[in-house]
Every structure is written in C-alpha cells, then in structure tokens.
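Encoded as structure tokens, the structure appears first; notes follow it.
The values are calculated or read from the model by the stated rules, or taken from the named source; none is laboratory data. Here the structure is a predicted model, which is why all the values come from computation and not from measurement. Positions of Cβ are backbone-derived with ideal geometry, glycine not excepted, and every protein chain shown enters the neighbour counts. The area values use the complete protein model at the heavy-atom level, side chains included, leaving out ligands, DNA and RNA. Shrake-Rupley method; radii C 1.70, N 1.55, O 1.52, S 1.80 Å.
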Amino acid sequence: MHTSLRTLLLVVTTWLALMAVPIAQAQAAWVAYSGQGQPPMPLLLNDLDGNPVDLASLKGQVVLVNFWATWCEGCRVEIPALNRLQQRFKQPKLHILGVNSGEGKARIGQFTQRIPIQYTILRDADSVAIKAWRVRIMPTTFLIDKQGRLRYELAGEADWDDPTIQAPVL
C-alpha cells in the first residue's frame, strides 16, 4: 500500500474512532468563575405568576442560576435531576432559579405540563439576562454562595445526581 494512502487511512480511521465516542460521556464540570468571589450580575425577573424575584434578596442561601430553554435537549434532560436536587436540599439551604430565555409564558406553561419543574422559573423574555451573564451555551448554571458571591460556572448538561457535581453546592 502506498505510504500516503496508508497515512490517509490512518487519519480517517482515527477520526472515525474519535467521532464514535458518545457525546454523553463528556461530563460537564464546574469551572471556577473568572471573577470568582465577586457579586454576580444583577438578576431581577418575574416568575411564571408575574411576581418579581431578585437574586440579591436570596443572600444567605446557596443559589443555582440555571439558564435553559424548552427547545434545548440537554436542558430537558437535566430538569428531573434538578428537581431531585431541589427536593434533597430544600430551601432555604438551596434555591434553584431556572431562567428561561426568550420564550413566552404560554410556551413555558405547555412545556411544564409535560415536564414538571419543581423549582422557581424566571422569564427572561427579551434575553437581556442571558446576554448580561454572557451565557454562550444552554444549559449553563452558575453557583452563588451564601455570601452572595459568584463561585462557579458549569456550561452544558450536568448529571445533578452525581456527587462530584453536587459537591460545590453542599
């Protein structure tokens, strides 16, 4: 076999082998936020009932701010585990805020009929919060400590039942 053909075959075979690795094996992981220890961007949005929720008012609690959308497959996969996490670490120890970006109340309501969400949902209808928080991938979750400081960011779908993912929350 000609050397260049053999090299091409090796490159193609290696590429195919790498592509065969299931994406699900790639586990999201917490990353120390670049401005770790700083206060997070302001977040004042309405919940699904139209009541304002201000992140600043939750100081003293650990808060997960999870940016999501109904069209996001990884977001849909995370929701049951986030529900279990909220039940395991009930408020006021942990408060989960699910920030839905760019979708209407009716669409979110239809979605939650099919997939119940047991934590607070906030509407970022005009996508101002997602831009201010510089979210580039859905879902993205931020961890805010009891002192109200932004500690970690987790981009992508996470297995919230995994103790290593839960560890910074504790």
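Couple of notes before you dig in:
- Taken together, the residues in the range 86-114 that are out of contact with any strand residue (DSSP E or B) (no Cβ under 7 Å at 6 or more places or on another chain) and open to solvent by less than 40 Å² (accessible area, probe 1.4 Å) amount to 6.
- Pairs, first free of Cβ contacts under 8 Å to residues at least 60 places away in the same chain and at negative phi in the range 126-144, second in a strand (DSSP E or B) and surrounded by fewer than 19 Cβ atoms within 10 Å (Cβ to Cβ), C-beta under 7 Å, six or more apart: Ile137/Ala155
- Identity of the residue in the range 38-67, polar (S, T, N, Q) and in contact (Cβ under 8 Å) with a residue 12 or more places away in the chain, that ends up least open to solvent (accessible area, probe 1.4 Å): Asn66
- Count of the range 92-117 residues which are under 15 Å from Asp54 (Cα atoms) and of a type in the set (Phe, Trp, Tyr): 0
- Inter-residue pairs, beta-carbon under 8 Å, first touching a residue at least 24 places away in the same chain (Cβ under 8 Å) and in the range 101-117, second among the aliphatic types (A, V, I, L, M) and assigned to a helix (DSSP H, G or I), 6+ apart: Ser101/Ala129; Ser101/Ile130; Gly102/Ile130; Ile115/Ile79; Ile117/Ile79; Ile117/Leu82
- Taking the listed residues Thr70, Thr14, Thr3, Thr7, the one that is at pLDDT 95 or above and either farther than 20 Å from Glu103 by Cα or surrounded by 15 or more Cβ atoms within 10 Å (Cβ to Cβ) (or both) is Thr70, with no other qualifying.
- Screening Lys146 against (1) in a helix (DSSP H, G or I); (2) open to solvent by 10 Å² or more (accessible area, probe 1.4 Å) leaves a single unmet condition, (1).
- On the stretch given as the range 149-170, residues that are within 16 Å of Lys59 (Cα to Cα) and open to solvent by less than 50 Å² (accessible area, probe 1.4 Å) total 2.
- Of the residues Asp162, Asp124, the single one that is more than 14 Å from Leu64 (Cβ to Cβ), charged (D, E, K, R) and in contact with a helix residue (DSSP H, G or I) (Cβ under 8 Å, 6 or more places away or on another chain) is Asp124.
- When restricted to residues that are farther than 14 Å from Val62 by Cα and of a type in the set (A, V, I, L, M, F, W, C), the range 83-126 contains 9.
- In the range 115-138, residue surrounded by the most Cβ atoms within 10 Å (Cβ to Cβ) [restricted to those that are small (Gly, Ala, Ser) and either touching a Cys at 6+ places or on another chain (Cβ under 7 Å) or in a helix (DSSP H, G or I) (or both)]: Ala129
- Residue count, the range 101-114 (criterion: at pLDDT below 95 and β-branched (Val, Ile, Thr)): 0
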